[in-house]
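Chemist: Take this structure, written in structure tokens, and hold onto it; I'll ask about it next.
The values are calculated or read from the model by the stated rules, or taken from the named source; none is laboratory data. If you're wondering where the values come from, they're calculated on a predicted model, not measured in any experiment. Cβ placement follows ideal geometry from the backbone for every residue including glycine, while neighbour counts extend to all protein chains displayed. Each accessible area value is taken on the protein alone, full model and side chains, heavy atoms only, with ligands, DNA and RNA left out. Shrake-Rupley method; radii C 1.70, N 1.55, O 1.52, S 1.80 Å.
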Amino acid sequence: MAKPKKLASALSKRGPHKVLRGDLALAGQPGVVYTPAEGFGLPGVAFAHGWMLRPSHYTDTLKHLASWGIVVAAPDTERGLVPSHRGLATDLGTVLDIMTGVRLGPGNISVHPDKLAAAGHAMGAGTAVLAASRRSDITAVAALFPAPTAPASEEAAATLKVPGLVVGDNSNADSLTDNSLALAQAWHGPSILRRVDGSTADGFVEGRRILGALGINKPDRKTQQRTRAVLTAFLLFHLTGDSDYEELAGTAGEIDGTRAVDPHAPLDAQPKPKASASIKALLGRG
């Protein structure tokens, strides 16, 4: 048990790889890509942003994944008041095609076409599910604090046979801006619902935002660190097959500040967070 706990602690921090940054616009797609400094046949992840956000609000998270040996690219599109969820899902597919179709960096970095995942936050979490339902080469999906989309991500999840990770806050209930429970319940393939203690969906977002001075939409370091540990373990196991991360990628793995929840269990049978944490989660949804 000590080894998984030690690994989980390590995964909450930057990994051993030097990180490079690239501009996807050079390949005709607005967005950014972060990679380890070198490596062939690396895993690749397409990451989608939340509503009214952009990749720069997730810079440290994208760098974090790259520091653990994962190439991650994020389209910088659909940032308006009325974004197209279908459009962002299409752009996720485009960045996967770019990652697998060209050598990255100075030519010494490549992504293996059989090691691809889609991930996202809030609105982007739902679009990652939509993207995966359209493609047969995506082998894992991570939905972080997901928000409803149109078309419904739950309907898309019901068609997915690949492993899924759903990360939610402490509220134990869905809302107009959160469908983590419904999404995990709808997933056809193996899925994990993990709730992060004391977290809010907005706490995962980096940098300054409107109303931040009032304590609303404010970044939260613990939310970010715990979510990154959960996400990194899930991706490393399912994309690389590294058995060291198998326990952490499942329901039995102990990751500090998080709890695995059975989405099909009655709400009164699920582990209860502190009342103050539930209130914080509800206030942090936006």
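Chemist: Where in segment 1-106 are there trypsin sites (Lys or Arg not before Pro) that are in a DSSP coil and have at most 16 other Cβ atoms within 10 angstrom of their Cβ?
Modeler: Here the trypsin sites (Lys or Arg not before Pro) that fit, given the DSSP loop and packing criteria, are LYS13, ARG14, LYS18, ARG79, ARG103.
Chemist: Could you order the peptides 45-51, 258-264 from most to least packed, using the average number of other C-beta atoms within 10 Å per residue?
Modeler: Put in order of decreasing packing, that is 45-51, 258-264.
Chemist: If you don't mind, there's one more thing I want to ask. Rounded, prolate or oblate: which one fits the chain, using the alpha carbon gyration tensor with axes a ≥ b ≥ c (rounded when a/c is under 1.5, else prolate when a/b beats b/c, else oblate)?
Modeler: Note, shape of the chain comes out rounded.
Chemist: Along the Cα→Cβ direction, 7 angstrom out, place labels at ASP60 and SER175. What is the inter-label distance in nm?
Modeler: Going by the 7 Å Cα→Cβ label model, 2.4 nm.
Chemist: Convert each backbone phi in segment 197-202 into a coupling constant with the Karplus relation 6.51 cos²θ - 1.76 cosθ + 1.60 (shift: θ = phi - 60°), then list the ³J(HN,Hα) values in order as whole Hz, x for Gly and Pro.
Modeler: These are the phi-based 3J(HN,Hα) values: 4, x, 9, 9, 4, 5 Hz.
Chemist: Further question on the same structure: Hey, got the dipole for the chain? About the Cα centre, +1 on K and R Cβ, -1 on D and E Cβ, debye to the nearest 20?
Modeler: About 760 debye.
Chemist: Given the rule -39500 (n - 2.57) for each run of at least 4 DSSP H residues, summed and divided by the residues of the chain, what is its mean residue ellipticity at 222 nm, to the nearest 500 deg cm²/dmol?
Modeler: -9500 deg cm²/dmol
Chemist: Over segment 97-224, what percent of the accessible surface lies on carbon and sulfur atoms, probe 1.4 Å?
Modeler: Its accessible area is 55 percent carbon and sulfur atoms.
Chemist: Give me the one-decimal nm value for the distance between modelled label points at ARG21 and ARG259, 7 Å along each residue's Cα-to-Cβ direction.
Modeler: 3.8 nm
Chemist: Please name whichever of TRP187, PHE40, LEU20 sits farthest to the positive end of the charge dipole of the chain, dipole taken about the Cα centre and charges placed at Cβ: Lys and Arg +1, Asp and Glu -1.
Modeler: It is LEU20, whose Cα lies furthest towards the positive end.
Chemist: Taking every Cα atom in segment 21-71, find the radius of gyration and the maximum pairwise distance Dmax, and write them in Å.
Modeler: For segment 21-71, the Cα-based Rg and Dmax read 11.2, 34 Å.
Chemist: Sticking with this structure for a sec: Which value, in Å², gives the accessible area per residue of the chain when a 1.4 Å probe is used on the protein heavy atoms?
Modeler: 42 Å²
Chemist: What helices does the chain have that are whole DSSP H segments, at least 18 Å long along their own axis by Cα, and with mean Kyte-Doolittle hydropathy of -1.0 or more?
Modeler: TM-like helix candidates: 85-101, 221-240.
Chemist: Can you pick out the pairs among LYS6/LYS222; LYS115/LYS218; LYS115/LYS161; LYS63/LYS161; LYS6/LYS115; LYS5/LYS218 whose Cα atoms lie more than 22 Å from each other?
Modeler: Exceeds cut-off: LYS115/LYS218; LYS63/LYS161; LYS6/LYS115; LYS5/LYS218.
Chemist: Starting from the alpha-carbon convex hull of segment 1-106, give the projected area averaged over all orientations, in nm².
Modeler: 7.5 nm²
Chemist: On the principal axes of its Cα set, how long, how wide and how thick is segment 140-194? Give whole Å, largest value first.
Modeler: If we take the Cα atoms of segment 140-194, the spans are 27, 24, 14 Å.
Chemist: Once label points are set 7 Å from the Cα along Cα→Cβ at both SER243 and THR159, what is their separation, rounded to one decimal in nm?
Modeler: Simple spin-label model gives 3.6 nm for this pair.
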